[in-house]
Amino acid sequence: MNEQTIRDVVIVGGGTAGWMTAAALSRFLDNGVTRVTLVESEEIGTVGVGEATIPPIITFNQMLGLNENEFLRETGGTFKLGIEFVDWGDLGERYFHPFGFHGRDLQGVHFHQLYLRERRRRPLPDISAWSMSAVAASMGKFGRPGANAQSAVKDLLYAFHFDAGLYARYLRRYAERGGVTRVEGKIVDVDTRGEDGHVEAVTLADGRRIAGDLFIDCSGFRGLLIDGALKTGYEDWTHWLPCDRAVAVPSAYEGEPDPFTRATARSAGWQWRIPLQHRMGNGLVYSSTYMDDAEAERLLMANLEGEPLAEPRRLSFTTGRRKQCWNKNVVALGLSSGFIEPLESTSIHFIQSGIAKLIALFPDRRFDPVERDEYNRQMRDLYEDVRDFIVLHYKATRRSDSPFWDRCRTMEIPDSLARKIDLFRAKGRVFRDGLELFATTSWVAVCFGQHVVPDEHEPAVDALDEDKVAQALEQMRRGYQEVAEQLPTHGEFIRRCGPSPFARPQPTQPESPVPTFSFESESPFAGQGFTL
């Protein structure tokens with residue numbers, strides 16, 4: 001602790017971004033000196049349509065010390081094993097992007113390379129048959145891997161679906177218990193210092209003035225501080241990602257919730273389907289150039305599986321990012337920092353990653369440019385990595401049934417993505433330049449699912465005995481199938497966790513403990529001369 005220690009952090013805006021930030025700072029800045037204040041107005045709504053996540057959210061919740069079963073109850077949450085994509089490669093097709101891995105590598109050779117060679121020898125099921133998460137999802141099953149899991153079940157990786165508004169409310173209670181002060185009020189003015197342009201204070205409609213050393217902008221698309229006060233600028237990626245509108249509506253549904261998100265390609269965009277305990281989250285992301293708002297709403301409402309539970313909500317956006325996520329003494333998190341459509345459920349991850357990097361590079365009142373520049377570099381790389389992966393879904397299509405898909409199929413793409421596609425088409429190679437979010441499994445799932453199939457496999461595969469590889473692949477496939485069959489249904493597992501008070505009524509179930517699954521028997525992948 002020194003005289004330059006940040007004394008006052010002011011978070012502008014609540015919602016998911018604001019309260020995730022407040023909760024994390026209450027946990028990691030409990031130094032007796034730094035105060036955290038969050039300013040939000042009940043007059044200003046939050047977007048709150050993002051309800052699907054990716055596995056790193058588990059780390060964030062664990063970092064806060066949250067009990068996973070309590071978290072699920074408080075947010076109406078369900079488990080997510082991946083995303084099912086419908087009609088993306090071509091009409092009538094579907095594939096699954098699972099969390100976790102495809103199979104096991106053998107003697108340093110990637111599993112998908114083994115699969116490529118074997119597929120040329122004989123007909124094989126889709127590569128998702130070698131994913132624990134994908135196989136469980138196809139059966140509507142779920143199990144939480146135990147700490148000592150020794151078999152295929154340890155390959156089951158998951159994330160969550162949850163109500164973003166309930167999550168923010170849950171984290172608000174956590175943050176306030178940790179000492180965060182919430183101030184209700186609408187910001188009407190921002191004061192900056194003349195000598196360096198740093199934000200000095202925000203003024204509320206009732207005249208109150210909230211001063212701070214560090215300001216965190218969680219004000220949503222408008223970027224009240226990062227753009228409104230500091231004029232940071234925005235990098236527009238609409239030429240690569242032309243969707244600029246969304247309409248969302250919750251609906252009722254019957255039956256057990258699926259343990260996966262579904263993304264269905266439509267004529268000028270795509271529709272999401274996210275099952276919670278108490279409702280289905282639905283939305284249509286679309287391009288206003290190719291579909292008007294009224295048509296988009298009709299299309300969404302015509303494809304609901306149950307009665308709508310509210311009026312449709314609309315939002316407009318420009319895909320891209322701030323030129324600097326950290327400018328002067330303002331750090332933008334959430335929609336204030338940028339937006340990439342939630343096709344791969346990355347919206348909440350951007351918040352989580354921004355918080356983690358801020359804590360790792362937390363400044364003092366001198367605001368060393370080295371820390372700021374490193375933060376901006378890492379956030380830029382993350383945004384561009386996700387951008388390229390999302391663009392891949394649009395570019396790698398065979399669809400020619402609408403002007404929108406014609407445009408996507410024939411558009412120019414970022415050089416960084418073009419290089420990755422060319423490498424994959426040649427021999428199925430995936431190289432990660434740094435700490436990219438999406439690993440080899442993700443690129444393989446989307447590329448195979450949308451017909452970006454390598455011309456050849458890596459030469460290293462040919463050093464392995466064909467018959468032994470074939471036997472190992474079959475053992476792996478059977479192992480995943482057999483383990484998935486032993487798991488409880490997704491709905492049953494949630495009921496054992498303790499259903500949410502927001503959940504739809506279910507038949508009374510006998511009390512039983514929440515299980516973890518270890519299956520300590522010998523690995524079904526062992527033997528056949530390979531070390532796994």
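Quick notes on this one:
- Among the residues listed as Gln471, Gln450, the single one being more than 23 Å from Gly89 (Cα to Cα), polar (S, T, N, Q) and at pLDDT 95 or above: Gln471
- The set of residues in the stretch 457-500 being assigned to a loop (DSSP other than H, G, I, E, B) and of a type in the set (S, T, N, Q) consists of Ser500 alone.
Rundown of residues vs (1) touching a residue at least 12 places away in the same chain (Cβ under 8 Å); (2) part of a loop (DSSP other than H, G, I, E, B); (3) touching a helix residue (DSSP H, G or I) at 6+ places or on another chain (Cβ under 9 Å), yes/no style:
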residue	(1), (2), (3)
Gly179	yes, yes, yes
Asp196	yes, yes, no
Val202	yes, no, yes
Ile210	yes, no, no
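- So Gly89, is it part of a helix (DSSP H, G or I) and farther than 27 Å from Cys497 by Cβ: no
- Helices (runs of 4 or more DSSP H) fully within the stretch 398-456 counting 2 or more residues that are touching a residue at least 12 places away in the same chain (Cβ under 8 Å) and more than 19 Å from His97 (Cα to Cα): 403-410, 415-427
- Being closer than 30 Å to Arg478 by Cα and in a helix (DSSP H, G or I) is a property that Ile58 has.
- Enumeration of residues in the stretch 221-245 that are within 20 Å of the chain's Cα centre (by Cα) and surrounded by 23 or more Cβ atoms within 10 Å (Cβ to Cβ): Leu241, Cys243
- Complete set of residues in the stretch 330-340 that are surrounded by 24 or more Cβ atoms within 10 Å (Cβ to Cβ) and either β-branched (Val, Ile, Thr) or touching a Leu at 6+ places or on another chain (Cβ under 9 Å) (or both): Val330, Val331, Ala332, Leu333, Ser336
- Val202 being among the β-branched types (Val, Ile, Thr), surrounded by fewer than 16 Cβ atoms within 10 Å (Cβ to Cβ) and more than 30 Å from Gln277 (Cα to Cα): no
- Verdict on Asp87 being of a type in the set (Asp, Glu), out of contact with any helix residue (DSSP H, G or I) (no Cβ under 8 Å at 6 or more places or on another chain) and under 29 Å from Val391 (Cβ atoms): yes
- Hey, Ile83 assigned to a strand (DSSP E or B) and either over 25 Å from the mean Cα position of the chain (by Cα) or under 19 Å from Gly179 (Cα atoms) (or both) or not: no
- Residues in the stretch 320-349 that are part of a loop (DSSP other than H, G, I, E, B) and within 25 Å of the chain's Cα centre (by Cα): Lys323, Gln324, Cys325, Leu333, Ser337, Ile340, Glu341, Ser345, Thr346.
- Flag for Ile359 being assigned to a helix (DSSP H, G or I), within 19 Å of Ala22 (Cβ to Cβ) and touching a Gly at 6+ places or on another chain (Cβ under 8 Å): no
Per-residue answers, yes or no, for (1) buried (at least 17 other Cβ atoms within 10 Å of the Cβ); (2) among the small types (Gly, Ala, Ser); (3) over 13 Å from Phe79 (Cβ atoms):
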| site | (1), (2), (3) |
| --- | --- |
| Lys468 | no, no, yes |
| Gln471 | no, no, yes |
| Glu474 | no, no, yes |
| Arg477 | yes, no, yes |
| Tyr480 | yes, no, yes |
| Ala484 | yes, yes, yes |
| Gly498 | no, yes, yes |
| Pro501 | no, no, yes |
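- Within the stretch 102-119, the residues that satisfy the criterion of being assigned to a helix (DSSP H, G or I) and in contact (Cβ under 8 Å) with a residue 12 or more places away in the chain are Phe111, His112, Gln113, Leu114, Tyr115, Leu116, Arg117, Glu118.
- Residue within the stretch 156-165 that is in a strand (DSSP E or B) and hydroxyl-bearing (Ser, Thr, Tyr) present: no
- Here is the figure for the stretch 135-152: residues that are modelled with pLDDT of 95 or more and assigned to a helix (DSSP H, G or I) total 5.
The values are calculated or read from the model by the stated rules, or taken from the named source; none is laboratory data. As the structure is a prediction and not an experimental result, all values here were calculated from the model. In this analysis, Cβ positions are derived from the backbone assuming ideal geometry, glycine residues included, and neighbour counts consider all displayed protein chains.
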